Amino acid sequence: MIKLILRKLSILLHPFAKAYWFVVRPKTHGVKCIIRSGKEILMVKNNYGNYESWMFPGGGIKKGETPAQAAKREVEEEVGIEVEDLKEIGVFHSAKEFKNDTVTVFAGRSRGKEINIESNEIADARWLELNNLPEISEYSKLMIDMLRRKET
């Protein structure tokens, strides 16, 4: 019950955060993580905002935290998976939602495939075949290109 209330609250408050970002235009630093298990990658759908497409888990970097530490923490918080063999594969900049966001992208592996959504931010999470993806965000497409360039 508490989980449902928190989920609904995050959906309700998101427009107010966007209004704040519109006025302030904060500089933020975040992370995204492509997690592989065999031939599949883990993707999530967020609970807030206007996100209909699949994307990679991630979030903000806390004070005193390295981007790699943030990536591991965010994945653990959002889907309950411990990431192994974490490697930085790129950086991109985003002005989405009126923030000046620098996003560091990582790739890593997971031993298991068990997903445990504990976060009120995540609506769904699934293992998907890299070569047979549903509709994904433009930023996710960019990150997959980063991954492919690192693999060649």
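Of all residues being out of contact with any strand residue (DSSP E or B) (no Cβ under 8 Å at 6 or more places or on another chain) and under 13 Å from residue 75 (Cα atoms) in region 112-132, which is surrounded by the fewest Cβ atoms within 10 Å (Cβ to Cβ)? Just the residue, please. Full working, then the answer.
The first filter runs over region 112-132 and keeps only residues out of contact with any strand residue (DSSP E or B) (no Cβ under 8 Å at 6 or more places or on another chain), leaving 114, 116, 118-120, 131-132.
The next check asks that each one be under 13 Å from residue 75 (Cα atoms); those that pass are 114, 116, 118-119.
Details: 114: 9, 116: 11, 118: 12, 119: 23.
Per the stated criteria, the residue is 114.
Among the residues that make up region 62-72, is at least one of them surrounded by 14 or more Cβ atoms within 10 Å (Cβ to Cβ), touching a Pro at 6+ places or on another chain (Cβ under 7 Å) and at negative phi? No, region 62-72 has no match at all. Looking at region 29-61, which of the residues that are more than 16 Å from residue 126 (Cβ to Cβ) and surrounded by fewer than 17 Cβ atoms within 10 Å (Cβ to Cβ) is modelled with the lowest pLDDT? Here the answer is 50.
Within region 75-97, is there a residue that is touching a residue at least 60 places away in the same chain (Cβ under 8 Å), of a type in the set (D, E, K, R) and farther than 21 Å from residue 151 by Cα? Yes, region 75-97 contains at least one residue that is touching a residue at least 60 places away in the same chain (Cβ under 8 Å), of a type in the set (D, E, K, R) and farther than 21 Å from residue 151 by Cα.
Looking only at region 88-115, filter to residues that are closer than 17 Å to residue 46 by Cβ and not hydrophobic (A, V, I, L, M, F, W, C); which one of those is modelled with the lowest pLDDT? So, considering only residues that are closer than 17 Å to residue 46 by Cβ and not hydrophobic (A, V, I, L, M, F, W, C), the one modelled with the lowest pLDDT is 97.
The values are calculated or read from the model by the stated rules, or taken from the named source; none is laboratory data. Keep in mind it's a predicted model, so treat the numbers as computed, not measured. In this analysis, Cβ positions are derived from the backbone assuming ideal geometry, glycine residues included, and neighbour counts consider all displayed protein chains.
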